[in-house]
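Peer 1: Dropping a structure here in structure tokens format, bear with me for questions.
The values are calculated or read from the model by the stated rules, or taken from the named source; none is laboratory data. Not measured: the values here are computed from a predicted model. When we count neighbours, we look across all protein chains shown, and the Cβ atoms used for this are built from the backbone with ideal geometry, even at glycine.
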Amino acid sequence: MRHYVFKKKVLYCGIFVITLIILLHPDRNARGTYEFIAKKNILNNLLQETALNFSSTAISDCDYYKVIYDDTTLPISIIEEDLVEGHRIKEGGEYAPFDCRPKFSTAIVVPYREKAEQLRGFLVYMHMFLRRQHIHYRIYVVEQVDSRPFNRAKLMNIGAVAAMQAGYPCLVLHDVDLLPLKPANLYACTKLPRHMSSSINKFRFVLPYLNLFGGAISIASKQFKEVNGMSNVYFGWKGEDDDLYSRLETHNLKLTRFEPATSRYYMSSHQKQEIEKKRNNLFYHTKESMVTDGLNSLKYIEVATVLHPLFTHIMVDL
């Protein structure tokens with residue numbers, strides 16, 4: 001009898017532990033779908049604005065209907081290739097279509113350090129990808145050259161400032177290890193900040209949690225200024241994305257997305273940087289500190305800015 005009671009207790013304990021694991025497991029909150037802008041409504045939700053210094057000699061406007069309804073998927077093998085001849089990319093990684101007038105100007109800002117081969121593949125892939133979208137764009141790569149822990153958010157701020165000084169009305173803040181798979185994922189800003197990389201292969205193409213706002217995002221330059229950019233204090237990986245989301249929430253800027261099938265990304269393997277121990281405590285003070293921590297407190301040493309054939313390279317010491 002005692003043996004039976006003991007077995008029963010073990011069984012109940014086992015069921016309790018399994019139930020607890022299921023309830024607390026991160027995948028429980030993962031979503032294969034979420035609220036998004038339907039394809040038929042995308043054009044009406046885009047901010048149609050080009051850079052202040054941009055002009056086009058094309059006669060007709062570019063058509064984005066075909067781009068949005070493009071169901072093709074780009075092969076990742078492109079990263080191993082070279083750009084085709086006659087790609088017409090200007091020095092500094094700037095491109096605009098020649099056969100039509102683009103309605104959008106976008107600056108892609110990429111924080112970077114010590115991943116030369118990954119960066120090469122990213123640049124080739126992104127130029128091949130973006131040229132299909134008929135937009136005016138420029139790629140900024142902001143490299144941290146000092147030995148301190150990687151500060152992704154501060155590098156984003158530095159690149160954003162350079163892009164806004166060049167007159168770009170739309171910013172795409174983009175990790176170097178992410179590659180968009182669907183050309184329909186238009187690299188232009190929507191009226192609300194957009195989480196672009198909501199379906200990543202690493203997470204089995206589901207959204208880990210609804211408030212996620214990192215990886216690849218688009219935000220209007222005016223909105224980025226409104227929230228005072230990103231925090232400068234996050235040395236090491238993670239935390240800065242949640243901080244940015246909190247800034248948007250404080251300013252009543254709701255994030256938006258495209259549908260999961262359009263928002264698919266491939267994440268290449270990489271080694272995570274060290275997370276600073278103080279990070280968890282920093283985030284809880286974001287609403288109080290965002291007024292003084294961000295674009296208005298940005299300090300760094302610009303080592304050099306070089307215009308390469310495929311990108312604008314900003315090297316900084318933080």
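Peer 1: Looking at Tyr65, Tyr69, Tyr125, which is the one that is of a type in the set (Ser, Thr, Tyr), over 23 Å from Gly229 (Cβ atoms), buried (at least 19 other Cβ atoms within 10 Å of the Cβ) and out of contact with any Gly (no Cβ under 9 Å at 6 or more places or on another chain)?
Peer 2: Tyr125
Peer 1: Identify, from the list Asn41, Asn53, Asn45, the residue that is at pLDDT below 95, of a type outside the set (Gly, Ala, Ser) and closer than 27 Å to Asn185 by Cβ.
Peer 2: Details: Asn41 fails: at pLDDT below 95; Asn45 fails: at pLDDT below 95.
Only one candidate passes the filter, namely Asn53.
Peer 1: Separate question: In this structure, does Ser268 turn out to be small (Gly, Ala, Ser), at pLDDT 95 or above and within 28 Å of Asp70 (Cα to Cα)?
Peer 2: The answer is no for Ser268.
Peer 1: Considering the stretch 71-101 alone, what residues qualify as being without any contact (Cβ under 8 Å) to a residue 12 or more places away in the chain and either hydroxyl-bearing (Ser, Thr, Tyr) or touching a helix residue (DSSP H, G or I) at 6+ places or on another chain (Cβ under 6 Å) (or both)?
Peer 2: Ser77
Peer 1: Assess whether Phe104 counts as being buried (at least 23 other Cβ atoms within 10 Å of the Cβ), farther than 21 Å from Thr73 by Cβ, in contact (Cβ under 8 Å) with a residue 12 or more places away in the chain and of a type in the set (Phe, Trp, Tyr).
Peer 2: Working: buried (at least 23 other Cβ atoms within 10 Å of the Cβ): yes; farther than 21 Å from Thr73 by Cβ: yes; in contact (Cβ under 8 Å) with a residue 12 or more places away in the chain: yes; of a type in the set (Phe, Trp, Tyr): yes.
Here the answer is yes, as Phe104 does meet what is asked.
Peer 1: Report, by residue number, each residue of the stretch 179-211 that is assigned to a loop (DSSP other than H, G, I, E, B) and surrounded by fewer than 20 Cβ atoms within 10 Å (Cβ to Cβ). First the steps, then the outcome.
Peer 2: Residues of the stretch 179-211 assigned to a loop (DSSP other than H, G, I, E, B): 181-189, 191-193, 196-198, 204-206, 208-211.
Residues satisfying the conditions are Lys191, Leu192, Arg204, Phe205, Val206, Pro208, Tyr209, Leu210, Asn211.
Peer 1: Mind checking whether some residue in the stretch 237-254 is at pLDDT 95 or above, surrounded by fewer than 20 Cβ atoms within 10 Å (Cβ to Cβ), of a type in the set (D, E, K, R) and part of a loop (DSSP other than H, G, I, E, B)?
Peer 2: yes
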